[in-house]
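The values are calculated or read from the model by the stated rules, or taken from the named source; none is laboratory data. Note that the coordinates shown come from a computational prediction; the quantities given were computed from them, not determined experimentally. For neighbour counting, all protein chains shown are included, and Cβ atoms are generated from backbone atoms with ideal geometry for every residue, glycine included. We work out accessible area using only protein heavy atoms, side chains counted, and drop any ligands, DNA or RNA first. Shrake-Rupley method; radii C 1.70, N 1.55, O 1.52, S 1.80 Å.
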Amino acid sequence: MAPRGHSADDVARTALRILDDHGLPDLTMRRLATALEVQPSALYWHFPNKQALLAELSDRIVRRMASGTSDDLRTRAGALRDALLAYRDGAEVVSSTLALGLGSTLAHDRLADAVAADGFAPDTARRVATTVLHYVLGFVWHEQQRLQYDSAGVREGTTGLASDDFDFGLELIVAGLRARRRV
């Protein structure tokens, strides 16, 4: 029997809310169970462990990028950045899930599709997608760390990363891809 009528969707939505409100370090199974008014063991009805729950959260975060219809690599990378920024510690959740080999490959696949649509071979598209995925995850992780430091008053009088910086780095990758085509 499912715990107190909660579905896996209820658990995941509540976990995303806790993630957004408190951050990844405070997203514990105990806190989640308290928010749902169940015992922590009841959560394992839907998710066998915390890593499986985080994989579901990662998939939900990344799915936000899937709504775009453009085949342009820059547009898709920007959509991924926006999806990651939509949740506190979004980049860390997605990055750690991918490092464990969990969750979907949607972000990578969408980026690879954009490169392939530009006429590149599947192997090149896969490798470029990996590069862009790592760039976006790293950039956003850094952005999110700075936002947290700013909100805690740790950094004063400094400036954060800007969209121009993200676009500049992404354009370097795209320019390198174009140069490779000419070789």
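Of all residues in the stretch 67-86, those being under 16 Å from residue 98 (Cβ atoms) and open to solvent by 40 Å² or more (accessible area, probe 1.4 Å) number 0.
I'd like the full set of residues that are in a helix (DSSP H, G or I) and among the aliphatic types (A, V, I, L, M), limited to the stretch 1-31. The answer is 8, 11, 12, 15, 16, 18, 19, 24, 29.
Within the stretch 63-74, is even one residue in a helix (DSSP H, G or I), under 30 Å from residue 117 (Cβ atoms) and out of contact with any helix residue (DSSP H, G or I) (no Cβ under 8 Å at 6 or more places or on another chain)? Spell out how you get there, then give the answer.
If we filter the stretch 63-74 for residues that are in a helix (DSSP H, G or I), which is where we start, we get 63-67, 73-74.
Among the residues that remain, those that are also under 30 Å from residue 117 (Cβ atoms) are: 63-67, 73-74.
Narrowing the set further to residues that are out of contact with any helix residue (DSSP H, G or I) (no Cβ under 8 Å at 6 or more places or on another chain) leaves none.
Looking through the stretch 63-74, none of the residues is in a helix (DSSP H, G or I), under 30 Å from residue 117 (Cβ atoms) and out of contact with any helix residue (DSSP H, G or I) (no Cβ under 8 Å at 6 or more places or on another chain).
Residues in the stretch 88-102 that are outside any helix (DSSP H, G or I) and open to solvent by less than 40 Å² (accessible area, probe 1.4 Å): 89 only. Would you check if there is a residue in the stretch 43-52 being of a type outside the set (Asp, Glu), more than 24 Å from residue 151 (Cβ to Cβ) and under 16 Å from the mean Cα position of the chain (by Cα)? Scanning the stretch 43-52 turns up at least one residue that is of a type outside the set (Asp, Glu), more than 24 Å from residue 151 (Cβ to Cβ) and under 16 Å from the mean Cα position of the chain (by Cα). The numbered conditions (1) in a helix (DSSP H, G or I); (2) buried (at least 18 other Cβ atoms within 10 Å of the Cβ); (3) not aromatic (Phe, Trp, Tyr) are all true for residue 34 except (2).
Report yes if residue 55 is farther than 28 Å from residue 171 by Cβ and open to solvent by less than 20 Å² (accessible area, probe 1.4 Å), otherwise no. Even if it seems obvious, please write down each step before you answer.
Details: farther than 28 Å from residue 171 by Cβ: yes; open to solvent by less than 20 Å² (accessible area, probe 1.4 Å): yes.
Judged against the criteria, residue 55 is a match.
Just name the residue that is surrounded by the fewest Cβ atoms within 10 Å (Cβ to Cβ) out of those in the stretch 136-162 that are at pLDDT 75 or above and more than 19 Å from residue 25 (Cα to Cα). Show your work before the answer.
First, pick out the residues of the stretch 136-162 that are at pLDDT 75 or above: 136-148.
If we keep only those that are more than 19 Å from residue 25 (Cα to Cα) too, we end up with 136, 139.
Working: 136: 27, 139: 19.
Across the stretch 136-162, the extreme among qualifying residues is 139.
When each of 47, 120 is tested for being under 22 Å from residue 20 (Cβ atoms), crowded, with 17+ Cβ neighbours inside 10 Å and of a type in the set (Phe, Trp, Tyr), the lone residue that passes is 47. Within the option set 82, 26, 71, 10, being under 23 Å from residue 147 (Cα atoms) and touching a residue at least 12 places away in the same chain (Cβ under 8 Å) holds for one residue only, 82.
In the condition set (1) modelled with pLDDT of 95 or more; (2) open to solvent by 30 Å² or more (accessible area, probe 1.4 Å); (3) farther than 27 Å from residue 43 by Cβ, residue 128 is compliant with all but (2).
One line per residue, one yes/no per condition, for (1) basic (Lys, Arg); (2) touching a helix residue (DSSP H, G or I) at 6+ places or on another chain (Cβ under 7 Å); (3) in contact (Cβ under 8 Å) with a residue 60 or more places away in the chain:
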{"residue": "86", "(1), (2), (3)": "no, yes, no"}
{"residue": "89", "(1), (2), (3)": "no, yes, yes"}
{"residue": "95", "(1), (2), (3)": "no, yes, no"}
{"residue": "104", "(1), (2), (3)": "no, yes, no"}
{"residue": "111", "(1), (2), (3)": "no, yes, no"}
{"residue": "114", "(1), (2), (3)": "no, yes, no"}
{"residue": "123", "(1), (2), (3)": "no, no, no"}
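Of all residues in the stretch 53-60, none are within 24 Å of residue 163 (Cβ to Cβ), touching a Gly at 6+ places or on another chain (Cβ under 8 Å) and not in a helix (DSSP H, G or I).
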